[in-house]
Amino acid sequence: MTRFTDKPITGAGIGLRSRHYQEILDTKPSIPWFEVLSENYFGVGGLPIYHLERVRELYPVTLHGVGMSLGSADPLNFDYLARLKKLAEQIEPTYISDHLAWISIDGRHVHDLLPLPYTEETLAHFADCVLQVQDFLGCRLLIENPSSYMGYKEVDMTEWEFIAELVKRADCDLLFDVNNVYVSGQNHGFDPYEYLHSLPEGRVREIHLAGYEEQNNYLFDTHGYRVHPPVWELYRETIKHLGPVPTLIEWDNDIPEFEVLVDEANKAQKVMSDREAAA
Ligand SMILES: [Fe+2]
């Protein structure tokens, strides 16, 4: 399936946020790639897209979204998808990703990425939606595992079994969020290492790392902290198992100075470099 660009991404990238636009354009840091939140650039013209185009002239970019609602029983939103396709034609991203989740029902939207009941019925529906979107966009999607705080009683399979089957049916690729799988594992009582070792071979094209927040009896995925030690440990095992898959530092709340993100990216880069040196 064609892509929007052949420009590959490697190493540890950073999520592009507006407060860092000018610093990045002025200093041209040696960050290998950036990821942007697609929906932030759906407007016509304006400063955000101006800055993104300048950044794209210097770096490969990936598009990451939260709005496809691929798991919803609502029809796919082709207006949303047309805007995404237009942005992709303009920016030529290396990858386009969204989540194993749903955000709308009966046309009403919620502001959370909600998990699916992992049943045969939802698998068939989700795979069909991914196939339709890939056809429309003309590229493979990367589907990201969500962090979750609730589950369903009526399920036919685990999340990792659902993902493995989804890849077979929809021929999509994966974005493996190491923080999300750790957070969900703690919240639901499953082993994130078992999840990792069940991922379909050769399908994880990108990894996410972020920081969670500890609540009284659960972990909350806020993307507002440095990556926590147990997530770094799981990440080291991930890179050992999958190889040096391009990795993104995600930070969406209380966004720090750019140098803090660079420091986190350097840590991820070191894990990948150590793995390559040991191979
Ligand atoms: Fe993520």
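Please treat every number below as a calculation from the coordinates, not as lab data. Only a predicted model underlies this, so the values are computations on that prediction, with no experimental measurement involved. Neighbour counts run over all protein chains shown; Cβ positions are idealised from the backbone, glycine included.
So which of K7/K28; K28/K168; K7/K86; K85/K270; K28/K270 end up more than 30 Å apart, counting from Cα to Cα? With Cα atoms farther than 30 Å apart: K28/K168; K85/K270. Of the residues F190, F4, the one with the fewest other Cβ atoms within 10 Å heads the list, and the complete ranking is F190, F4. For the chain, what is the mean residue ellipticity at 222 nm derived from helices alone (per DSSP H run of n ≥ 4: -39500 (n - 2.57); sum divided by total residues; nearest 500 deg cm²/dmol)? Rounded to the nearest 500, it is -13000 deg cm²/dmol.
When K28, K7 are sorted by how many other C-beta atoms sit within 10 angstrom of their C-beta, beginning with the fewest, the order is K28, K7. Of all DSSP bridge pairs formed entirely within the chain, close to 15 percent run antiparallel. Note on segment 32-153: antiparallel DSSP beta bridges, both residues inside, total approximately 25 percent of the bridges counted.
How high is the FRET efficiency from E57 to E233, r the C-beta distance, R0 30 Å, rounded to 0.05?
My answer for the efficiency is 0.20.
Note on Y50 and T5: the extension gain reaches 14.2 nm, defined as 0.36 nm multiplied by sequence separation minus the Cα-Cα distance. The lysines whose alpha-carbon is closer than 17 Å to the alpha-carbon of K267, local same-chain residues fewer than 8 away aside, are K240.
With K and R counted +1 and D and E -1, the other residues having a Cβ less than 12 Å from that of Y235 yield a net charge of 0. Between the C-alpha center of segment 26-92 and that of segment 1-25 there is a gap of 10 Å. Projecting label points 7 angstrom from Cα along Cα→Cβ for V110 and D263 puts them 3.6 nm apart. Where q = 0.10, 0.11, 0.13, 0.15 Å⁻¹, what log10 of I(q)/I(0) comes from the Debye formula for segment 12-278, counting one point per Cα? Debye intensities relative to I(0), on a log10 scale: -0.49, -0.59, -0.85, -1.17.
The shape of segment 102-174 comes out oblate: with a ≥ b ≥ c from the C-alpha gyration tensor, a/c is at least 1.5 while a/b does not beat b/c. The HN-Hα couplings worked out from phi for segment 159-165 by the Karplus form 6.51 cos²θ - 1.76 cosθ + 1.60 (θ = phi - 60°) are 4, 6, 5, 4, 5, 4, 6 Hz, whole numbers, x standing for Gly and Pro. Sorted fewest first by neighbouring Cβ atoms within 10 angstrom, V181, V245 come out as V245, V181. Taking 0.36 nm per residue of sequence separation and removing the Cα-Cα distance, the K168/N253 pair yields an extension gain of 27.1 nm.
Mind checking the full-extension length gain between L37 and A73? Use 0.36 nm per residue of separation minus the Cα-Cα distance, one decimal, nm.
10.6 nm
Along the chain, the longest continuous region that contains none of the GluC sites (Glu not before Pro) in a DSSP loop with at most 11 other C-beta atoms within 10 Å is 1-153. Once C-alpha pairs closer than 8 Å and six or more residues apart are averaged by separation and normalised to the residue number of segment 12-278, the relative contact order reads 16 percent.
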